[in-house]
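The values are calculated or read from the model by the stated rules, or taken from the named source; none is laboratory data. Remember, it's a predicted structure, so these values are computed and weren't measured experimentally. In this analysis, Cβ positions are derived from the backbone assuming ideal geometry, glycine residues included, and neighbour counts consider all displayed protein chains.
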Amino acid sequence: MDKYTYELYSQLLKTSWKVFLIILGIALMVILFPYAKDVLIMFIIAWLLSVLLSPLVDYLESKRVSRGWAILIVMIIILALIALSFSLIIPGIIRTVEALTTKLQSDVINELSVKTEAFFEKNFNNAELARNVTAKLNEIGVNLLNSLGEFFKNVGSFLASMVIVPVITFFLIKDSRRFKRAIISQVPNKYFELSLNILHKVENQVGKYIQGQTIDALIVGILSTIGLFLINVAFEWPIQYFFFIGMLAGLANLIPYVGPVVGAIPALIIAILNNPPNLGMVLIWIVVMFILVQAIDNSLVSPLVVSKSVNMHPLTVIVVVIIGGKIAGAIGMLFAVPLTGIIKVTLQQVIWGLKKYSLHSISPLKEDSFLNPKGGEAA
Amino acid sequence: MENPIWGNSIFRKKKKEDDILTLLKQVPIFSDLNRKELAEVEKIVHRRTYKKKETIIKMGDPGLGMYIVVKGSVEIATEEGKGEKSALAHLTEGSFFGDLALLDESPRSASAFALEDCNVIGFFRPDFLDLLYRKPKLGIKVLFALAKTIGERLRRTDELLMKTQEKKSKTHHG
């Protein structure tokens, strides 16, 4: 075997070994995913929290508070807010949804069914069609509210069981630089600057994206709450728990195109169930208010706070929301778009890096140039 | 020789850190920093090892930051296609290169190769910007020293340019 063939064989062996390891890694991830799903979701939430809180910690650090203390102060404030929301908001929402489900299953649906049947009989002279339509509507309504109830119960128990998330968040903020250095120290020299540059750019853009989305959701939530409050004042309180519904609309806004519609539905349902004297006007005002909030969000808020680099086609949004729902239910649907945004930004940066960097590990120069380097001015 | 079982690794680590701090102190942009500030810088630098002939930075690649030679020697050279190069400098322990990349992402003006197996410390722009935000007092000290270093280099370049122009005009008139 000549030297060239030997080198070729050894190179081939090395490559096949690497390919085998990669396939083994992917297979392990697929096999372990169902078991590790909960841990993974915990880490993702902790990481999102760390991205959100880091700017506050950095700000306190710039005011000469030590990093450890800065993290502690921010974490205590956030934990207090989370505890407050658990004790006040979540049980309230679960109670509301359960009450609504019971109500929907009883009188109101029957009333609506009778009205719809009468409408169909009068206009189309087809009682069978009317019954089918009302049965379907009934099913959709109950399913929707059940799933909404389940969503909040899941979120509640999921978050309540996650005492560990704040701990992970603390260490992610405290040691983020150390983790980054540890990861980057394993990268071969050939890809070192490329990886470091991509890592920093992705970190920067993803941070801005997540912070932007959160601020946007918060503003939409506040605007929707104010809108619902004004409708309540004008029409003798047809929408209870307007604060939760407004904030829910803000949360739903994380999902583009789908979110704004989903955000309006609970308010409409509650108004219908309460059946105020001027229901038609209330419903119109709710729709108008949500359209107005969206208009303000799209023209004023989003352009200022949400990063443009993660704009997605509506079709992409729908597909990833469905996939997210299949993988991790309601939480998956909520996080599908932000996670896709992160993947998109990462891919964009990787492509940028591969275009800009010439990946040479060994100098193309001749051996003798290293033995007799010419002297010169410092670069 | 230190006993591998009973030798205290904490002290060994401390000594290694002290060496790094002493080396960082020698670099002009860190020379005004006290020990505590140097320790802060040490937390954000990257240590790398390069084998002989390995490329550290490549001419034309986006600039990311500066390197300090800890051990070994590095050659700075410009490349003009097909492996032709002209060496600009030969750097040894304590020397640094690529400091202009701390200011922007302009393409590297020269390549750097390891002339022998060497250890370097990398200090990069994103970490520097982060430091400037988190520790403004420390960041400004580094920034000011960097400005002084670049200003000094500009002054030397100006002097060289004037000398060359004088030479040219003398040859022209002569």
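Some points to look at:
- Number of the exception - A:K180 against (1) crowded, with 22+ Cβ neighbours inside 10 Å; (2) within 14 Å of chain B (Cβ to nearest Cβ); (3) of a type outside the set (A, V, I, L, M, F, W, C): (1)
- Of all residues in segment B:95-130, those being acidic (D, E), surrounded by fewer than 21 Cβ atoms within 10 Å (Cβ to Cβ) and within 9 Å of chain A (Cβ to nearest Cβ) number 3.
- Inter-residue pairs, beta-carbon under 6 Å, first facing chain B (nearest Cβ under 9 Å) and in segment A:188-201, second surrounded by 20 or more Cβ atoms within 10 Å (Cβ to Cβ) and among the polar types (S, T, N, Q), 6+ apart: A:K201/A:Q349
- Residue match in segment A:219-236 (condition: buried (at least 18 other Cβ atoms within 10 Å of the Cβ) and not in a helix (DSSP H, G or I)): yes
- Which listed residue is within 30 Å of A:S176 (Cβ to Cβ) and not in a helix (DSSP H, G or I), from B:E105, B:E116: B:E105
- Applying the set (1) buried (at least 20 other Cβ atoms within 10 Å of the Cβ); (2) at pLDDT below 85; (3) not in a loop (DSSP other than H, G, I, E, B) to A:A379 leaves exactly one unmet item: (3).
- Residues of segment B:40-94 that are among the aliphatic types (A, V, I, L, M), closer than 18 Å to B:L24 by Cβ, surrounded by fewer than 22 Cβ atoms within 10 Å (Cβ to Cβ) and more than 7 Å from chain A (Cβ to nearest Cβ): B:V45, B:V70.
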